[in-house]
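Q: The structure under discussion is supplied below as structure tokens; questions concerning it will follow.
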2 protein chains.
Amino acid sequence: MKEAEAEWLKTYEPRAYPPVGVTVDLVILTIRDKELHVLLIERGEPPFKGEWALPGGFVQPDEDLAEAAARELKEETGLKQTDLDRVYLDQLKTFGKPGRDPRPLRVFTVAYLAFAPQVPEPVAGTDAKNAAWMSLAATRNMKLAFDHAEILAEGVERARNKLEYSSLATSFVGPEFTISELRNVYEVVWGEQLHPGNFHRKVVSVDGYVEETGRTTERGGERGGPRARLYRWGGATQLHPALLRPSETT
Amino acid sequence: MKEAEAEWLKTYEPRAYPPVGVTVDLVILTIRDKELHVLLIERGEPPFKGEWALPGGFVQPDEDLAEAAARELKEETGLKQTDLDRVYLDQLKTFGKPGRDPRPLRVFTVAYLAFAPQVPEPVAGTDAKNAAWMSLAATRNMKLAFDHAEILAEGVERARNKLEYSSLATSFVGPEFTISELRNVYEVVWGEQLHPGNFHRKVVSVDGYVEETGRTTERGGERGGPRARLYRWGGATQLHPALLRPSETT
DNA sequence: CAAATAGTGTCTATAAGACAATATTTC
DNA sequence: GAAATATTGTCTTATAGACACTATTTG
């Protein structure tokens, strides 16, 4: 049997298969000015030259999918390693409808979803391409390249669900955060107001979600209010019990 | 710009890319004799000739991924269309580690997860290949082809989670079922006993999960007990509130 | 001081889980 | 009749959400 496989390998002809390509595309979400934003790239090359698209590119021959996604994340966001360590990055879904890429090569794309903390820099593009954080509201009036509008919608939907059962809301804030900042993540991603008092009690009661640092913010809120206690992530990945969306419960 | 893209298309050279291939592989789960089973195929061709693998194959040029998965499901299970309509089939995850396929073609596989109702036939293979429902316990002592053991584990894990928040347990039973049969699905997939009384009340209380047919089984249980009422799926896809695994709640 | 916000207290409705009870049915 | 099972009842505890209250801080 070993000989049979070796024999078969010799006669194998790669070009018998119609050519296909595999890319990774990233839905990188962050929160800026109390709005959900996504990182978009203005394409410098055809196809869709000049249009906005999700960052991404071909998977290199020696790379696993997750490696390719991590590489793209690093290249496109220009985040420092310390920040990158705290970024959530996980596979979202794969898209491969014939014709989704106009090139004479059928391209499948494995979409990844990432949650980034607030980044001060407006985003550094690696090459001549233009990169920008776009608010989700803004993207709804744009036509994105390829099927990226569909991928983006899928990513946002996944993000909304992730917040319920996981502690990933902490990926959107800094290493130390107040309960209000965490609540803001939920409110922005879910697009609904939460009850501050109940949210506060809930978060601190879920085992392992957050732990106190023992310190507080330097100042109160912009328009008044006491200083808030600072928390850090408590190590739990899954929330028990979950933090369910109010609008889904009905 | 239109001219620029047309120009670029002409100069484009597909063979500049190293050759890659894309397959779909299916984790098809069903319940037989109070055990979770998966459909496996004994490979008739290299690579891994003679070893057991998940059913699957190359995505055809004109096919979308979901279409390819549905085609493979139909071909490999030999299920009738009426049964196929009730099978759950959804994308699981994509795998593409370099070297996962020994051929001189890099193969990415998009794994799909399917839940099938009890099928009387032992499974009809389309060609010379041997196909069989294997219990999960049995697969743990086997070496599966490619990285299919990893894919299978991922599928089982996803199945366990799906039961909590969705009504997909009904995909494992016939169009009409008793609460006990449904409970059996949960017990087998989760691998733990559930309280019959509490489970019963819970299931009938979740809005839209099941609805009564007004009829009962013809006979009681094998070893006694009254006839059970027959239910059908009530139309809800998400469960509110969810049916959480006892062992996860602690 | 007025307004805003952090954090806590309290009460109610709902849900989960333990346990028991009753009615049917099979061998 | 004995054992098994479907279904319902009851009680306790945990949780979610509504609402109110106090303390602290900013302009």
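Q: Distances longer than 22 Å among the Cα atoms of region B:14-149: what percent of all pairs is that?
A: The answer is 36 percent, as a whole percent.
Q: How would chain A be classified by its alpha-carbon gyration tensor: rounded, prolate or oblate, with rounded meaning a/c under 1.5 and the a/b versus b/c comparison settling the rest?
A: Prolate is the answer for chain A, as a/c is 1.5 or above and a/b outweighs b/c.
Q: Let me ask something else. Using a 1.4 Å probe and counting only protein heavy atoms, arrange A:Trp133, A:Trp190 so the residue with the most accessible area comes first.
A: From most accessible down to least: A:Trp133, A:Trp190.
Q: Starting from the Cα of B:Leu244, step 7 Å toward the Cβ, then list every residue of region A:135-165 with an amide N under 20 Å from that point.
A: Residues A:160-165 fall inside that zone.
Q: What is the ratio of the Cα radius of gyration of region A:164-249 to 2.2 N^0.38 Å, where N is its residue count, to two decimals?
A: 1.05
Q: Could you list, in their original order, any pairs among B:Lys80/B:Lys143; A:Lys34/A:Lys202; A:Lys143/B:Lys162 whose Cα atoms are separated by more than 25 Å?
A: From the list (B:Lys80/B:Lys143; A:Lys34/A:Lys202; A:Lys143/B:Lys162), the Cα-Cα distance tops 25 Å for B:Lys80/B:Lys143; A:Lys143/B:Lys162.
Q: How much of the accessible area of chain B, probe 1.4 Å, is carbon plus sulfur, in whole percent?
A: Here it works out to 50 percent.
Q: 222 nm [θ] for chain B, helices only, -39500 (n - 2.57) per DSSP H run of 4+, per residue, to 500?
A: -8500 deg cm²/dmol
Q: Suppose R0 equals 22 Å. What FRET efficiency, 1/(1 + (r/R0)^6) with r the Cβ-Cβ distance, do B:Glu67 and A:Asp90 give to the nearest 0.05?
A: Computed FRET efficiency for B:Glu67 and A:Asp90 comes out at 0.30.
Q: Where the label is 7 Å out from Cα toward Cβ, how close does B:Glu187 come to the same position in every other copy, in nm, shortest first?
A: Result, one decimal in nm: 4.8.
Q: Heavy-atom accessible area of A:Lys49 with all protein chains present, probe 1.4 Å, nearest 10 Å²?
A: The accessible area of A:Lys49 comes to roughly 90 Å².
Q: Taking B:Ala149 in one copy and the same position in all the others, each labelled 7 Å out along Cα→Cβ, what are the pairwise distances from the first, in nm, shortest first?
A: 4.6
Q: Let me ask something additional. What Kirkwood hydrodynamic radius, in Å, does the protein assembly as shown give when the mean of 1/r is taken over all pairs of distinct Cα atoms and then inverted?
A: Hydrodynamic radius (Kirkwood, Cα only) of the protein assembly as shown equals 25.5 Å.
Q: If you rotate chain A onto chain B, whose Cβ in A ends up lying nearest the axis, and how many Å away is it?
A: A:Thr94, 2
Q: May I ask what percent, to the nearest 5, of DSSP beta bridges between residues of chain B are antiparallel?
A: DSSP beta bridges in chain B are roughly 75 percent antiparallel.
Q: Report the accessible area of A:Ser166, computed with a 1.4 Å probe over the heavy atoms of all protein chains in place, in Å² rounded to the nearest 10.
A: 10
Q: Follow-up question, since we're still on this one. How many Cβ atoms of partner chains, on average, are near each residue of B:41-47 if near means within 10 Å of its Cβ?
A: Per residue, the number of nearby Cβ atoms from other chains is 2 on average.
Q: When each copy gets a label point 7 Å from Cα toward the beta-carbon at B:Gly214, what are the spacings between them in nm, shortest first?
A: The projected label point of B:Gly214 is separated from its counterparts by 7.0 nm.
Q: Considering only the other residues whose Cβ falls under 14 Å of the Cβ of B:Glu222, what net charge follows from Lys and Arg at +1 and Asp and Glu at -1?
A: Neighbourhood net charge equals +1.
Q: Seen from all sides and averaged, what is the projected area of the convex hull of the Cα atoms in region B:166-208, in nm²?
A: 3.0
Q: Among B:Val20, B:Tyr209, B:Ser180, pick out the residue whose Cα is farthest towards the positive end of the charge dipole of chain B, where Lys and Arg carry +1 and Asp and Glu carry -1 on C-beta, about the Cα centre.
A: Sorting the options by dipole projection puts first B:Ser180.
Q: Under a crude label model (7 Å from the Cα following the beta-carbon direction), how far is A:Asn198 from A:Arg158 in nanometres?
A: A separation of 3.0 nm, rounded to one decimal place.
Q: If you place +1 on the Cβ of every Lys and Arg, -1 on the Cβ of every Asp and Glu, and leave all else neutral, what size is the dipole of chain B about its Cα centre, to the nearest 20 Debye?
A: Around 740 debye, computed over chain B.
The values are calculated or read from the model by the stated rules, or taken from the named source; none is laboratory data. Not measured: the values here are computed from a predicted model. As a convention, Cβ positions derive from the backbone with ideal geometry for all residues, glycine included, and neighbour counts pool all protein chains shown. In case anyone asks, the SASA skips ligands and DNA or RNA and just uses the protein heavy atoms, side chains included. Shrake-Rupley method; radii C 1.70, N 1.55, O 1.52, S 1.80 Å.
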